[in-house]
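Written out below as structure tokens is the structure these notes cover.
The values are calculated or read from the model by the stated rules, or taken from the named source; none is laboratory data. Note that the structure is predicted; figures quoted are calculated from it, not measured. As a convention, Cβ positions derive from the backbone with ideal geometry for all residues, glycine included, and neighbour counts pool all protein chains shown.
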Amino acid sequence: MEVFNTLGRTRQVFEPRDPGVVTMYVCGPTVQTSPHLGHGRAAVVFDVIRRYLEWEGFEVTYVQNVTDVDDKIINAAAERGIDCDAVAAASFAEFDEGYRKLGVKAPTIEPRATEHIPEMIDMIGSLIASDHAYASGGDVYFSVRSFPEYGKLSGRRIDELESGARIDPGEHKQDPLDFALWKAAKPGEPSWDSPWGPGRPGWHIECSAMSRKYLGGGFDIHAGGIDLIFPHHENEVAQAEAAHPDAPFCRYWLHNGMVNLAGEKMAKSTGHVVGLLDALETYPPTAVRLFYLRTHYRKPVEFTPEAMDDAVASLERLWAFRRRVTGPVEAPPDEQLIDRFRAVMGDDFDVAGALGVIFDAVREGNRLLDAGEDPGGVVAAFDEMTAVLNLPAPDVGLGDVADGLVELAGAYGIEAGSGDEDLVDALVAARQSAKTAKEWDTADAIRDGLAALGVVVEDTPDGARWHRR
């Protein structure tokens with residue numbers, strides 16, 4: 001298995017620190033406002049990587065933090081006239097809802113910044129003791145020039161950074177390049193006691209401290225959006241390795257590309273966003289998941305209504321095939337398909353290529369069915385591959401159109417039965433009777449009435465079948 005490691009910007013063979021075990025730390029949400037589609041992509045991308053590693057037999061410890069104290073949260077609370085905890089709780093609930101609808105597995109550990117202040121204070125103390133940080137005016141800053149390897153993750157050089165560096169009003173830096181590890185308390189802001197006075201942690205220190213606590217030094221994968229490489233992840237590396245020079249902070253860095261809207265990156269700061277929950281109301285959540293996965297995780301993806309409609313249609317093609325096979329599948333998975341799936345996923349987690357294998361399975365399975373041959377091995381491989389990517393069959397519940405079904409059935413003298421699905425079965429049977437009697441207008445009207453309710457009727461050599469659109 002090879003991965004593209006941002007550290008060194010090269011493809012490398014993936015060898016975990018401990019055989020059979022993979023340790024992952026994924027930068028989670030800063031809970032200041034509602035999530036947008038870009039947040040959903042990061043969650044889905046690394047969820048699939050986790051699921052694939054587990055499928056390959058690794059025991060995966062998946063840590064994803066929650067930043068629940070931050071300048072942005074404080075500003076949002078001030079604007080809305082509520083406290084920071086209320087802002088963080090409301091935002092986290094929306095992120096959690098979005099992740100759940102997208103089929104993202106819950107993290108093994110989900111640490112919150114506010115619950116790990118002692119660990120951050122300990123790391124800051126170690127940095128001061130080793131002359132990598134200094135206290136000034138109640139703040140504590142990391143001394144960038146004290147770490148000679150600064151810039152090794154992002155590829156930036158100190159002399160390039162100097163030209164745009166400055167000290168903002170109220171800061172007590174010795175050097176414009178230095179960044180805050182601890183910020184002195186201001187009136188009305190949340191604060192904690194520390195050896196340098198009351199205050200709160202800077203953004204970067206939380207991930208270094210929490211990943212160290214739960215995964216130890218030299219853990220396997222650190223992941224996040226490409227926009228985090230600098231300065232966030234660069235600063236994480238510097239402070240973590242300065243505090244613990246005995247081991248590298250992390251072995252492999254994986255970064256996903258952005259979701260663009262009209263050619264520009266989605267960002268809370270600009271308001272140039274499509275809300276994640278809004279998108280999940282407009283489109284089937286599994287189709288949104290498929291939209292993310294159709295492009296290699298390191299590349300940007302453009303959100304358009306046309307792209308989403310295509311994802312919906314692609315999902316329907318997958319499950320139109322699977323609906324053709326009823327009953328249990330007892331054949332073992334087709335090894336050729338599984339080997340191809342493993343080969344592309346082992347090539348820097350090429351999920352787009354894996355989807356190509358799945359659609360090849362659909363074509364082959366349909367060919368076998370049309371020829372009257374057993375597609376069991378192909379179907380078993382299809383089931384296994386779609387399970388790894390977590391692309392479940394769409395929900396076929398009919399509760400949202402139940403009233404319409406009763407009205408449609410009544411128009412053809414069909415009384416409401418024991419359930420909505422029975423009602424659809426009766427309507428499909430009535431359509432078939434009309435076709436047998438060559439009452440084509442009636443048959444077409446029943447079909448069109450069901451279609452208006454989102455129920456698609458398909459005529460197959462084995463009879464008519466129906467499914468929710």
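Details
- Some residue of region 281-294 being part of a loop (DSSP other than H, G, I, E, B) and modelled with pLDDT of 95 or more: yes
- In region 91-120, residue farthest from D278 (Cα to Cα) [restricted to those that are of a type in the set (A, V, I, L, M, F, W, C) and either in contact with a strand residue (DSSP E or B) (Cβ under 8 Å, 6 or more places away or on another chain) or free of Cβ contacts under 8 Å to residues at least 24 places away in the same chain (or both)]: M120
- Residues within region 1-34 that are charged (D, E, K, R) and within 25 Å of Y150 (Cβ to Cβ), tallied: 3
- Scanning region 295-309 for residues that are more than 15 Å from A43 (Cβ to Cβ) and in a strand (DSSP E or B) gives E302, F303.
- For E364, the conditions (1) touching a Lys or Arg at 6+ places or on another chain (Cβ under 7 Å); (2) within 30 Å of L53 (Cα to Cα) all hold with the exception of (1).
- In the set (1) touching a helix residue (DSSP H, G or I) at 6+ places or on another chain (Cβ under 8 Å); (2) at pLDDT 95 or above, Y252 fails one condition alone, (1).
- Search result, residues across region 193-216 that are under 32 Å from the mean Cα position of the chain (by Cα) and either among the hydrophobic types (A, V, I, L, M, F, W, C) or outside the structural domain of H172 (by TED's automatic domain parsing) (or both): W203, I205, C207, A209, M210, L215
- Residue among D374, D383, D348, D334 that is charged (D, E, K, R), on the phi > 0 side of the Ramachandran plot and either in contact with a strand residue (DSSP E or B) (Cβ under 7 Å, 6 or more places away or on another chain) or touching a residue at least 12 places away in the same chain (Cβ under 8 Å) (or both): D348
- Condition check for E119: under 26 Å from V388 (Cβ atoms) and either touching a helix residue (DSSP H, G or I) at 6+ places or on another chain (Cβ under 7 Å) or at pLDDT 95 or above (or both): no
- Here G410 meets the list (1) of a type in the set (G, A, S); (2) outside the structural domain of I338 (by TED's automatic domain parsing); (3) at pLDDT 90 or above almost entirely, failing just condition (3).
- Screening region 132-169 for residues that are touching a strand residue (DSSP E or B) at 6+ places or on another chain (Cβ under 9 Å) and on the phi > 0 side of the Ramachandran plot and picking the one that is surrounded by the most Cβ atoms within 10 Å (Cβ to Cβ) gives G138.
- Annotation: Y252 fulfils all but one of (1) within 20 Å of the chain's Cα centre (by Cα); (2) aromatic (F, W, Y); (3) buried (at least 23 other Cβ atoms within 10 Å of the Cβ); the unmet one is (3).
- Boolean, A86 is crowded, with 18+ Cβ neighbours inside 10 Å, without any contact (Cβ under 8 Å) to a residue 40 or more places away in the chain, farther than 24 Å from R212 by Cα and touching a helix residue (DSSP H, G or I) at 6+ places or on another chain (Cβ under 9 Å): no
- Residue tally, condition more than 13 Å from the chain's Cα centre (by Cα) and crowded, with 20+ Cβ neighbours inside 10 Å, over region 281-294: 1
- Flag if E234 is farther than 24 Å from D348 by Cα, in the same structural domain as A133 (by TED's automatic domain parsing) and modelled with pLDDT of 95 or more: no
- Scanning region 234-257 for residues that are under 22 Å from E2 (Cα atoms), in contact (Cβ under 8 Å) with a residue 40 or more places away in the chain and not basic (K, R) gives F249, C250, Y252, W253, L254, H255, N256, G257.
- Inside region 406-421, residues that are surrounded by 13 or more Cβ atoms within 10 Å (Cβ to Cβ) and free of Cβ contacts under 8 Å to residues at least 12 places away in the same chain make up a count of 2.
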